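Values in this text are rule-based calculations from the coordinates and carry no lab data. What you see is a predicted model; the values in this text were computed from it and never measured. Ideal geometry is used to build each Cβ from the backbone, glycine not excepted, and the neighbour counts take in all protein chains shown.
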Amino acid sequence: MPILALDAGTTSTRAILFGDDGTIIRQAQRAFEQFFPHDGWVEHDADEIFDATLACARDALDGQHADAIGIAVQRETVVVWDPHTGRPVHRAIVWQDRRTAERCQQLAKDPAALALVARTGLLLDPYFSATKLAWILENVVGVRARAERGELLAGTIDTWLLWKLTGGKVHATDATNASRTLLFDIRRQQWDDDLCALFGVPRQLLPEVRDSAADYGTTDLLGERTPIRALIGDQQAAAVGQECIAAGDAKATYGTGCFVLVNTGDTPLVSKHRLLTTVALRLDGATTYALEGSIFNAGSVVQWLRDQLGLIATAAESEAVAMSVESSGGAYLVPAFTGLGAPWWLPDARGVLTGITRDTGRAQVVRAALESVALQTRDLAGAFADDGVPLARLRVDGGMAANDWLMQAIADQLRVTVERPAILETTAWGAARLAGMHAGIYPKLGTPGFRSVEKVFSPGGDVERVNALHEGWIRALKTLQGS
Ligand code: ADP
């Protein structure tokens, strides 16, 4: 009784067919085009995302019939479309797109607007969907009038894929995706009319919000009447895939950037460090919340070593090179390529390499680069602890989690156990896990024996040395702040 997971990410989409014991049967992946029409603008062709996702699904199924489909997606990205033609009125505006920065700055001057935004658990930032949606309404000729007449539909990528898969029958989203839009009251669990008015988004454009595991209709595009039983945002899906379901459970996904989610149970905690309060999961009407923080540059630092500096030939080589020396010899790389996120929040800062001497060579720079990822994780963990959710252990995934040396360095810096699961495709697995559970094929979340850990990294190293490395890092950060 296989379960099909669709994982529509930011640069590629994939489909993975899981067996009823949770093992991978078959998978397929396709990249899609990134459009950068102006500096800071990022767009996707929503039709291309759907076509690529459908093609992957067919490849992964290879003629088999899935018993349920679960869909995980890049979050915050918005699409507006005409349900009569089935065509988007504009390219999707991607979460990375900064075109509405000025609009957000203007709105942020109004204390009443900020009070409304507090209902969402988010910050007034172009990252989230609302101002992107408003931009399409304001800038594509005729779209606002058509939206107000109820002639158009809008949604995040999950909603778009669902609408296409069900042949236009279901216009819905789940609470995790809704919680990233700036239009959703995370405590009352509904679209907020005041926020819709603030951003100028007609309420009738928005999809119905359901539980993350629910009945989302069926599709006839992948064999007859295949039920769609889960929608979820990608980071939340990874948390489910790692079975982070109890308060205090934490996961970090180390990809290009790093996203850390800590489950806070049924309490939507408000951070003192500008961490986001978000919906981790909604099942049977019960909402689980999380605090979320991110490191802007993680795997991208390794890409930079490889592509810009030519210090390593492959990302994986960073591990052996870092291990070839005893220390980075006082060198620190602060990879603030695009500013620094939580808990420092220095959006205009740019990176530095400090403490270099005649002895600083390739290996020291590579090691300092990997150390920067561990040190940033420690700073982020400090913010979580200060907000009342100290990490008891950390579950890791993403491409960078393959690096044993780095995972050990993280365990050493955080002084907690780092666990790497057997399935590294945690995002797709989280979507499949929910869909399979709703279909009665997989057991309830938290069932022992249904999650396997491949490797555990226990905190080690000499504590004084570990702390000295962190103190040096804080000094390096100070040079960046100009103090
Ligand atoms: P994304 O989903 O953001 O594209 P992935 O989860 O596929 O990212 O992870 C890819 C990133 O991980 C790349 O930035 C790459 O540099 C980094 N990476 C992959 N393998 C390793 C490794 N063994 N050591 C360090 N970094 C790695």
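Can you sort Asp220, Asp249, Asp192 so the residue with the fewest Cβ neighbours within 10 Å comes first?
Asp220, Asp192, Asp249
For region 188-249, the list of GluC sites (Glu not before Pro) that fall in a loop by DSSP and count at most 10 other C-beta atoms within 10 angstrom reads Glu224.
Placing unit charges on each Cβ (+1 for Lys and Arg, -1 for Asp and Glu) gives region 339-423 a dipole about its Cα centre, and among Ala385, Thr357, Leu375 the Cα reaching farthest toward its positive end belongs to Thr357. The charge dipole of region 352-483, taken about the Cα centre with unit charges on the Cβ atoms of Lys, Arg (+1) and Asp, Glu (-1), comes to about 160 debye, rounded to the nearest 20.
Pairing the Cα long axis of helix 404-414 with the longest principal axis of the chain, what angle in degrees results, from 0 to 90 and rounded to the nearest 10? Helix 404-414 and the main axis of the chain meet at about 80 degrees. For region 1-146, DSSP calls about 75 percent of its internal beta bridges antiparallel. The charge dipole of the chain, taken about the Cα centre with unit charges on the Cβ atoms of Lys, Arg (+1) and Asp, Glu (-1), comes to about 560 debye, rounded to the nearest 20.
Taking the number of Cβ atoms within 10 Å of each Cβ as an exposure proxy, the fewest-first ranking of Trp160, Trp95, Trp304 is Trp304, Trp95, Trp160. Count Lys and Arg as plus one, Asp and Glu as minus one, and take only other residues whose Cβ is under 12 Å from that of Glu425; the net charge is then -1. With a Förster radius of 22 Å applied to the beta-carbon distance between Thr11 and Thr85, the computed FRET efficiency rounds to 0.20.
Karplus-derived 3J(HN,Hα) values for region 438-447, using 6.51 cos²θ - 1.76 cosθ + 1.60 with θ = phi - 60°, are 5, 7, x, 9, 9, x, 4, 4, x, 5 Hz; glycine and proline are entered as x.
For the pair Gln29 and Asp307, a Förster radius of 22 Å applied to the C-beta separation gives a FRET efficiency near 0.55, rounded to the nearest 0.05. Among the trypsin sites (Lys or Arg not before Pro) in region 311-387, those placed in a DSSP loop whose Cβ has at most 14 other Cβ atoms within 10 Å are Arg350, Arg358. Of all DSSP beta bridges confined to the chain, the antiparallel ones make up roughly 70%. With Cα atoms defining each centre, region 221-272 and region 1-80 are spaced 17 Å apart in the structure.
For the chain, the residue among Gln27, Ala435, Gly399 whose Cα projects farthest onto the positive side of the dipole built from Cβ charges is Gly399. Could you tell me which of Thr166, Ala134, Gly121 has its Cα farthest along the dipole of region 110-187 towards the positive end, charges placed at Cβ (Lys, Arg +1; Asp, Glu -1), taken about the Cα centre? Of Thr166, Ala134, Gly121, it is Thr166. Placing +1 on each Lys and Arg Cβ and -1 on each Asp and Glu Cβ, with no other charges, gives region 1-138 a dipole about its Cα centre of roughly 360 debye.
Our estimate of slack between Ala247 and Asp284, defined as 0.36 nm per intervening residue step minus the Cα-Cα distance, is 11.5 nm. Once both labels are positioned 7 Å from their Cα atoms along Cα-to-Cβ, the gap between Thr417 and Ala112 label points is 5.3 nm.
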